[in-house]
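Novice: One structure follows; several queries about it will come next.
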Amino acid sequence: MSVLIKNGRVITSSEDYIADIFIEGEKISAIGKELNIPADEVIHANGKLIFPGGIDPHVHLDMPFMGTFSSDNYETGTTAALHGGTTMVIDFVLQTQGKSLYSALGEWQSRSDGNALSDYSFHMAVTDFNEDTKKEIGEMINKEGITSFKTFMAYKGALMIDDRMMIGLMNEVRDKGGVVTVHATHGDMIDFLIAKHREEGKLSPLYHYLSQPEITETEASGRFADMAYYTGVPAYIVHMTCEGALNQIRRATERDQKVFVETCIQYLLLDASLYEKDFEGAKWVMSPPLREKKDQKALWAGINQGLVQVVGTDHCPFTWEKKLMGEKDFSKIPNGHPAIEHRMELLYSEGVNKAKISLNKYVEVTSTNAAKIFGMFPQKGSIGIGSDADLVIFDPEKKHTLSVKTHHMNVDYSAYEGWEVTGKVETVFLRGKNVVDKGKLNISKGYGKFIKRNKVSKII
């Protein structure tokens, strides 16, 4: 199958030009002006933008949490991703304390194999670093192509590892060619504040936010950066939300340290005032929580300053019925919100369209940087000859409204209900196949492929 896309405005992380793109099989085989190549399908993209397929490196599909599961599985979650212009996701495999990394990998493979529509990969979340786990790190990198290892500085007794384990993991991952990522919040302080608020009868969603003040993220981000500096491991902080944490990374650059930073679309657009909506605020209960307007400004500036490299989603939806588990106690509200489908359009509308970021920066943070950091570039995140033909044809003028009535995520509310957006995903190619065209899905589950990743470095 061959496709010729004519006269689109091609946007990469560094270029902006009008050209034709010829796709042959799964790859881009030619780029140029007025290409005269016979093709099975010709698409005229005049007036449209062409981006590399989006990469969301932070999703939780079919994830066990607080006695239930996130409501999007691999079929529904990757379907929604494709409709929103995201052609690749990276999910988190959660090791059970006391069990091996491979046992966790097998569990997640049983959920993903044959069910994904987009391409996908895994981060390995290490919750119990010991001599047996240590031996598995090299196998994960060299055999399985899983080169990123997630750690938690919160959720004691379930996911959290202590600093001794953290240092051990960092040394091992550094030696084997991987990257350590972190949920950087001060778990002990958060647990203290949760218990305090519950004892005082302060049980509304607002107290989820007040149990995780900015300092809990600031302190943990700085401590993680210091440990990464000491060990020399490539380091990445997930879902950063606030000015204080970002300033810790700014401090790290003063000693010539590179710490990669991801924020999420919600932290750029939404703020903590939503928690004042009585129990409706549960829709936005996530960890870390939404912050203040000043933090949004800091994160936008951080993107333009090169301190924030990636905008993901931390997509982890729960139905309203599941959110109601915490109706009488905020600590029992499942943490997470739906965003996988809206990231690309929201960031264009609120970022590019409102002149907060450039088109090139947009491609950087939605696709290219994630591909580089996590060992997939130039196969992914690139519009170049030989790269996978993962492309988004985007109408920059089309206005539409986000709603639960029209989204494809398996959740019965929208975190962005009624949000008016300028710019819409029109056509999506994944490995050369037209998978979404004007809202119509053209593939079924199983088309998505697991992508083995290469070793990583501290420089992109």
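Novice: Consider Leu117 carefully, then state whether it is touching a residue at least 24 places away in the same chain (Cβ under 8 Å), of a type in the set (A, V, I, L, M, F, W, C) and part of a helix (DSSP H, G or I). Steps first, answer last, please.
Specialist: On the way: touching a residue at least 24 places away in the same chain (Cβ under 8 Å): yes; of a type in the set (A, V, I, L, M, F, W, C): yes; part of a helix (DSSP H, G or I): no.
Considered against the rule, which asks whether it is touching a residue at least 24 places away in the same chain (Cβ under 8 Å), of a type in the set (A, V, I, L, M, F, W, C) and part of a helix (DSSP H, G or I), Leu117 comes out as no.
Novice: So which of Thr218, Thr185, Thr151 is under 23 Å from Cys264 (Cβ atoms), of a type in the set (S, T, N, Q) and part of a strand (DSSP E or B)?
Specialist: Every option except Thr151 fails the conditions.
Novice: Which one of these is part of a helix (DSSP H, G or I) and free of Cβ contacts under 8 Å to residues at least 60 places away in the same chain: Ile190, Ile194?
Specialist: So the residue among Ile190, Ile194 that is part of a helix (DSSP H, G or I) and free of Cβ contacts under 8 Å to residues at least 60 places away in the same chain is Ile190.
Novice: Looking only at the stretch 263-280, decide whether some residue is closer than 28 Å to Leu94 by Cβ, among the β-branched types (Val, Ile, Thr) and either surrounded by 20 or more Cβ atoms within 10 Å (Cβ to Cβ) or under 17 Å from the mean Cα position of the chain (by Cα) (or both).
Specialist: Yes: the stretch 263-280 contains one or more residues that are closer than 28 Å to Leu94 by Cβ, among the β-branched types (Val, Ile, Thr) and either surrounded by 20 or more Cβ atoms within 10 Å (Cβ to Cβ) or under 17 Å from the mean Cα position of the chain (by Cα) (or both).
Novice: Based on this model, can you work out whether Ser349 counts as of a type outside the set (Asp, Glu), surrounded by fewer than 24 Cβ atoms within 10 Å (Cβ to Cβ) and on the phi < 0 side of the Ramachandran plot?
Specialist: yes
Novice: Looking only at residues that are more than 12 Å from Gly145 (Cβ to Cβ) and of a type outside the set (Ser, Thr, Tyr) in the stretch 450-460, which one is surrounded by the fewest Cβ atoms within 10 Å (Cβ to Cβ)?
Specialist: The qualifying residue surrounded by the fewest Cβ atoms within 10 Å (Cβ to Cβ) is Ile459.
Novice: Of the residues Met124, Met88, which single one is touching a Leu at 6+ places or on another chain (Cβ under 7 Å), surrounded by 23 or more Cβ atoms within 10 Å (Cβ to Cβ), in contact (Cβ under 8 Å) with a residue 12 or more places away in the chain and assigned by TED's automatic domain parsing to the domain that holds Thr185?
Specialist: Sole residue among the options that is touching a Leu at 6+ places or on another chain (Cβ under 7 Å), surrounded by 23 or more Cβ atoms within 10 Å (Cβ to Cβ), in contact (Cβ under 8 Å) with a residue 12 or more places away in the chain and assigned by TED's automatic domain parsing to the domain that holds Thr185: Met124.
Novice: Name, by its number, the condition in (1) closer than 27 Å to Ser13 by Cα; (2) surrounded by fewer than 23 Cβ atoms within 10 Å (Cβ to Cβ); (3) touching a residue at least 60 places away in the same chain (Cβ under 8 Å); (4) charged (D, E, K, R) that does not hold for Asp56.
Specialist: The single condition Asp56 does not satisfy is (2).
Novice: Given (1) of a type outside the set (Gly, Ala, Ser); (2) touching a strand residue (DSSP E or B) at 6+ places or on another chain (Cβ under 7 Å); (3) outside any loop (DSSP other than H, G, I, E, B); (4) closer than 26 Å to Phe149 by Cα, identify the lone condition not met by Pro334.
Specialist: The number of the failed condition is (3).
Novice: Inspect the stretch 96-119 for any residue being under 30 Å from Thr427 (Cβ atoms) and touching a strand residue (DSSP E or B) at 6+ places or on another chain (Cβ under 6 Å) and give the result as yes or no.
Specialist: Yes, the stretch 96-119 contains at least one residue that is under 30 Å from Thr427 (Cβ atoms) and touching a strand residue (DSSP E or B) at 6+ places or on another chain (Cβ under 6 Å).
Novice: Oh, and also: I'd like the residue in the stretch 304-322 that is surrounded by 24 or more Cβ atoms within 10 Å (Cβ to Cβ) and of a type in the set (Val, Ile, Thr) and, out of all such residues, is farthest from Tyr74 (Cα to Cα).
Specialist: Going through the qualifying residues, I end up with Val308.
Novice: Another question, then. Does Ala225 fit the bill of being among the small types (Gly, Ala, Ser), under 20 Å from the mean Cα position of the chain (by Cα) and surrounded by 18 or more Cβ atoms within 10 Å (Cβ to Cβ)?
Specialist: no
The values are calculated or read from the model by the stated rules, or taken from the named source; none is laboratory data. If you're wondering where the values come from, they're calculated on a predicted model, not measured in any experiment. Backbone-built Cβ (ideal geometry, glycine too); neighbour counts: all protein chains shown.
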